[in-house]
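In what follows, a single structure is set out as structure tokens and then discussed.
The values are calculated or read from the model by the stated rules, or taken from the named source; none is laboratory data. Given the structure is predicted, the values throughout are model-derived calculations rather than measurements. Note: ideal-geometry Cβ built from the backbone for every residue, glycine included; neighbour counts use all protein chains shown. Side chains are part of the model used for accessible areas, which takes the heavy atoms of the whole protein and leaves out ligands, DNA and RNA. Shrake-Rupley method; radii C 1.70, N 1.55, O 1.52, S 1.80 Å.
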Amino acid sequence: GSRAPSGPRPLYLGTYTSAEGGGRGIGLASYDPGTGRITGAGTVEGVGDPSYLALHPDRRTLYAVNERADGAVTAVRLADREVLGSRSTGGSAPAHVSVHPGGRWLLSANYGSGSVAVHPIDASGALGERTDLVTHTTPPPGPGQDGPRAHQCVTSPDGGHVLAVDLGTDTVYTYRLDERAGTLTEVARAAAEPGAGPRNLAFHPGGRYAYLANETGDTVSVCAYDPRSGRLTVGKGQDTGSGPGENYPAQLVVAPDGRFAYLANRGHDSLARYAVEAAGARLRLLGTVPVSGDFPRQIALSPDGALLFAANQRSSGVSVFRVDRASGRLRLAGEPFASPVAVCALPL
């Protein structure tokens, strides 16, 4: 078995700088991998509305969306916390950013304009001018929606395809990335249930299944994934454990060993725990625990899977839970860490 990490580990925090009571940039902190205790360490200023964060595979550069009407992505060198510059995403309100596994391309999803952008990453970690921008023009918006709303752009575990989750069109689009030109070609699309409002996709480590959080439908769907074609097949929506009240699922994460999955419930303000069964093909709801905060916008597991972090937007705090490896149960690790308008927590 692997040895648990010793000593404090880095933690980066996203916020809305333009919101009342928001932060001044990307929050810097560390956490104790044994106790989960968070200690603040300052702020990287000069990064506007960094609502979602992603790390380069070489761990030397951090990327943030700038979730504003004139959307952008920003690179920060971690060695000296130098801001390396920003590039336009060509759209509005980018809500998600990820790094392609090869480390040469940055992918971002423009929620406001329903598009996906690609930027090159140079040897220093800095970003070049955008190489592609794909807007979701079909199918037409789903019930209650007025246009496409790209909420996530993520690479499949095998690295062969890029999948974009669009809440507005109830669709997950699959693209092939040309790793020389930095352009996207659509190869498949998967329809969620009308009005489901898919927001976030999380793959099982086996690579054959993924789980979809449906924001407006308040459900979770198991999806079958074909690595050869990139085709995703979305299953029927399942219970989030939220009960009869209003609830908006935000983000799913899957344990590194693939045995359990967790969902952030905004409204119910809870974390749902699922057993992953049949080699990833089935989710079974085991229950929920209070998130110890208001409106959990995003959740993340520590790299070893021993801790779960929940960024609670309306209560401006990050809750930390210890994860029981055998049962998947979550146990709150002390009081939440105060973080202004907390919308993203990235533990390293």
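Among the residues that make up region 254-265, is at least one of them of a type in the set (Gly, Ala, Ser), open to solvent by 10 Å² or more (accessible area, probe 1.4 Å) and on the phi < 0 side of the Ramachandran plot? Within region 254-265 (the criterion being of a type in the set (Gly, Ala, Ser), open to solvent by 10 Å² or more (accessible area, probe 1.4 Å) and on the phi < 0 side of the Ramachandran plot), the answer is yes, since at least one residue qualifies.
Could you list, in sequence order, the residues of region 140-174 that are of a type outside the set (D, E, K, R) and open to solvent by 40 Å² or more (accessible area, probe 1.4 Å)? Selection gives Pro140, Pro141, Pro143, Gly144, Gln145, Pro157.
Listed here are the residues, each with its yes/no results for (1) small (Gly, Ala, Ser); (2) closer than 14 Å to Thr288 by Cβ.
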position	(1), (2)
Leu232	no, no
Gly235	yes, no
Pro249	no, yes
Ala255	yes, no
Gly258	yes, no
Ala261	yes, yes
Arg266	no, yes
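Go through region 113-126 and give me each residue that's touching a residue at least 60 places away in the same chain (Cβ under 8 Å) and assigned to a strand (DSSP E or B). Those that are touching a residue at least 60 places away in the same chain (Cβ under 8 Å) and assigned to a strand (DSSP E or B): Val116, Val118, His119, Pro120, Ile121. Number of residues in region 191-234 that are touching a His at 6+ places or on another chain (Cβ under 6 Å) and in a loop (DSSP other than H, G, I, E, B): the value is 1.
Scanning region 35-57 for residues that are touching a residue at least 60 places away in the same chain (Cβ under 8 Å) and farther than 19 Å from Arg130 by Cβ gives Thr35, Gly36, Arg37, Ile38, Gly40, Ser51, Leu53, Leu55. Criterion applied to Gly103, Gly91 was being within 27 Å of Pro347 (Cβ to Cβ), open to solvent by less than 30 Å² (accessible area, probe 1.4 Å), in a loop (DSSP other than H, G, I, E, B) and of a type outside the set (A, V, I, L, M, F, W, C), and the one residue passing it is Gly103. When we screen Arg314, Arg331, Arg322 for residues that are open to solvent by 50 Å² or more (accessible area, probe 1.4 Å) and under 20 Å from His151 (Cβ atoms), the only hit is Arg314.
Is there a residue being out of contact with any Cys (no Cβ under 6 Å at 6 or more places or on another chain), farther than 15 Å from Leu11 by Cα and not in a loop (DSSP other than H, G, I, E, B) anywhere in region 43-59? For region 43-59, residues out of contact with any Cys (no Cβ under 6 Å at 6 or more places or on another chain), farther than 15 Å from Leu11 by Cα and not in a loop (DSSP other than H, G, I, E, B): present.
Each row is one residue, and each column tells you yes or no for (1) under 24 Å from His100 (Cα atoms); (2) of a type in the set (A, V, I, L, M).
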| position | (1), (2) |
| --- | --- |
| Gly23 | no, no |
| Pro33 | no, no |
| Gly36 | no, no |
| Thr39 | no, no |
| Tyr52 | yes, no |
| Asp58 | yes, no |
| Val73 | yes, yes |
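Taking Gly7 as meeting all but one of (1) more than 23 Å from Asn312 (Cα to Cα); (2) touching a Gly at 6+ places or on another chain (Cβ under 9 Å); (3) open to solvent by 20 Å² or more (accessible area, probe 1.4 Å), write down the number of the exception. For Gly7, the failing item is (2). Here Leu271, Leu285 are screened, and the one residue that is part of a strand (DSSP E or B), touching a Phe, Trp or Tyr at 6+ places or on another chain (Cβ under 6 Å) and over 25 Å from Ala224 (Cβ atoms) is Leu271. For the structure I just gave you, tell me whether Ser229 is closer than 29 Å to Glu186 by Cβ, surrounded by fewer than 23 Cβ atoms within 10 Å (Cβ to Cβ) and touching a residue at least 24 places away in the same chain (Cβ under 8 Å). Taking the combined requirement at face value, the residue satisfies it. Could you tell me whether Gly280 is open to solvent by 10 Å² or more (accessible area, probe 1.4 Å), under 26 Å from Leu307 (Cβ atoms) and in contact (Cβ under 8 Å) with a residue 60 or more places away in the chain? No. Of the residues making up region 23-31, at least one is under 24 Å from Asp324 (Cα atoms), at pLDDT 95 or above and in contact with a Lys or Arg (Cβ under 7 Å, 6 or more places away or on another chain). Among the residues making up region 55-83, those that are surrounded by fewer than 21 Cβ atoms within 10 Å (Cβ to Cβ) and either charged (D, E, K, R) or under 23 Å from Thr183 (Cα atoms) (or both) are Leu55, His56, Pro57, Asp58, Arg59, Arg60, Arg68, Asp70, Arg77, Asp80, Arg81, Glu82.
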